[in-house]
Amino acid sequence: MSENSRRDFIKQAAMGTAAFLAYPKSSVLGANERVRLAIIGIGSRGQELLKQTLELPNAQVVAVADVYTRRFDEAKKISPGLQTVNDYRRVLDMKDIDGVLVASPLHIHARHFTDTLAAGKDLYSEKTMTWSIAEAGQCLEASKKSDRIVQIGLQHESEGPLADAKKWIRDGMVGKVTQVESWMSRNTPHGEGQWVRPIPADCTAENVNWKAFLNGRPDMPFDPFKFLNWRLYWMFSGGNITENMVHQIAWIMSALDLPLPTAAYMSGGVFSEKDGRQVPDTISVTIDFPNDIVVAFQSTFSNSRYGLGQRILGSDGTIEYVAGSNDMVSSRSEEEVHYYPEDVNRPNRVAIKGESPSQNHIANWIDCMRSRKTPNAPVELGYSSAVAAHMANLSYRHKRRLTFEEAKSIPPEF
Ligand SMILES: NC(=O)c1ccc[n+]([C@@H]2O[C@H](COP(=O)([O-])OP(=O)(O)OC[C@H]3O[C@@H](n4cnc5c(N)ncnc54)[C@H](O)[C@@H]3O)[C@@H](O)[C@H]2O)c1
């Protein structure tokens, strides 16, 4: 298939034409018909996503953009033929790129999100969708005005345990839910703070486009520690809430079909390793929803005994999702979901273990690029989970319970 006819095919698919319906599934597409992708931000997660795309028969990452030269060598070790560019706008200019995966640091997501849609590309954007509530609103708007397919990197939306939980809830097995408890716990050796990355010798001002990384933050001299460890600072990150809670709150909101939260309160602090980080490592959050549900989330970085999980507590049954002593980020842990009946309202029922298979989240996005259907983690979930996360963080920073309206009106704070 020529490049033109390939693009026509994608266009026809976008319009849902008979030509598309008659077109065989990806298994018969040859190498030239592969969906062509680019990745913006080819650091730790970007490289992970790159590896995942290598497993997909019908897609190929052909270009990557980054602001740190080292990343190009690392990416080429994974996929030697890659085109590498040091300005993300160059990949957006490439006419033969169909979709872009964004795995840049949190504070740059909104720029990469809106520019990707403006360039007419489909988008896979890593979580959390944006650094602030205002940016989340802008990205939601941009997506609504666009016909592009947007998948948020909340990969647990494509996994079997959530499908099981949704089914049990739909089937009325859980009853009235007023509370959900969730937790995420990790540990590190004494003296080593969670997330802290060493600085390679080549991480210098010559090899990094520091201004592009700052993305409008107040100008400051090149700081390799901050560049690599952006997660530890509010001006780039939302800490453990946007790195981890967002996965779990999205899962809970999706399972229970929850609207935006009404209020949030978060306490905690930097207690585990006092290494200069700003974002707390010990966290207790409550998030109120308008339909009489409170979700609690707690997290520590100095004990990993109970891994992570969430329990949906219903009058007729409990859904318990647990993931060993690992985390939701690497996806390496064994995860299980169970249903336990409440004898008082559902006597003589038995516990059930979820068995639904998981889907590959990137493959789901690519399928949707062809079918123009809504992916498993759509922009609306990206928006609502980002809002919940930012409400929690803003409450912590302002040391008081905040409603959605209050949180929304707080201007960005670096
Ligand atoms: N879904 C998941 O499970 C999961 C797991 C890990 C990370 N993430 C997310 O992925 C994102 C990246 O995290 P990470 O650990 O890979 O960070 P990282 O620092 O390892 O990688 C970010 C990359 O972006 C590059 N970059 C910085 N500014 C840029 C710019 N202006 N244009 C292009 N590239 C730029 C950096 O040089 C770096 O290579 C975060 O949003 C994080 O939350 C998601």
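The values are calculated or read from the model by the stated rules, or taken from the named source; none is laboratory data. Treat the numbers as computed from the prediction; the structure is a model and nothing was measured. Neighbour counts run over all protein chains shown; Cβ positions are idealised from the backbone, glycine included. These accessible areas exclude ligands, DNA and RNA; they are computed on the full protein's heavy atoms, side chains included. Shrake-Rupley method; radii C 1.70, N 1.55, O 1.52, S 1.80 Å.
Values as computed for the structure displayed
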{"read-out": "Accessible area in square angstrom per residue, the chain, 1.4 angstrom probe", "value": "44"}
{"read-out": "Dimensionless Rg ratio for segment 290-414, taking C-alpha atoms and the 2.2 N^0.38 Å reference", "value": "1.35"}
{"read-out": "Protection proxy ranking, peptides 399-408, 233-242, average beta carbon neighbours within 10 Å, highest first", "value": "233-242, 399-408"}
{"read-out": "Cross-link partners of Lys145 among lysines (Cα-Cα below 20 Å; sequence separation of 8 or more within a chain)", "value": "Lys11, Lys121, Lys373"}
{"read-out": "Cβ crowding within 10 Å averaged over residues, with 307-314, 41-48, 379-386 ranked highest first", "value": "379-386, 307-314, 41-48"}
{"read-out": "Sum of side-chain charges, Ala250 neighbourhood, beta-carbon under 9 Å (Lys, Arg +1; Asp, Glu -1)", "value": "0"}
{"read-out": "Environment charge of Ala163, counting only residues whose C-beta is closer than 13 Å and scoring Lys/Arg +1, Asp/Glu -1", "value": "-3"}
{"read-out": "Counting DSSP beta bridges with both ends in the chain, the antiparallel % (nearest 5)", "value": "60"}
{"read-out": "DSSP-loop trypsin sites (Lys or Arg not before Pro) across segment 175-221, with at most 14 other Cβ within 10 angstrom", "value": "Lys176"}
{"read-out": "Ellipticity estimate at 222 nm from DSSP helix runs (n ≥ 4, -39,500 (n - 2.57)) divided over the chain, nearest 500", "value": "-9500 deg cm²/dmol"}
{"read-out": "Neighbour-limited loop hits for trypsin sites (Lys or Arg not before Pro), segment 86-171 (at most 14 other Cβ within 10 Å; DSSP other than H, G, I, E, B)", "value": "Lys95, Lys145"}
{"read-out": "Placed amide H near Thr262: partners under 5 Å, 5+ positions off or other chain", "value": "Asp288, Phe289"}
{"read-out": "Over the chain: Kirkwood hydrodynamic radius from C-alpha pairwise inverse distances, Å", "value": "22.3"}
{"read-out": "Residue-by-residue Karplus 3J(HN,Hα) for segment 273-286, coefficients 6.51, -1.76, 1.60, Hz, glycine and proline x", "value": "10, 8, 10, x, 5, 9, 7, x, 9, 10, 9, 9, 10, 10"}
{"read-out": "Accessible surface of the chain [probe 1.4 Å, protein heavy atoms]: carbon and sulfur percent", "value": "50"}
{"read-out": "Calculated on alpha-carbon atoms, Rg and Dmax of segment 149-295 in Å", "value": "19.2, 60"}
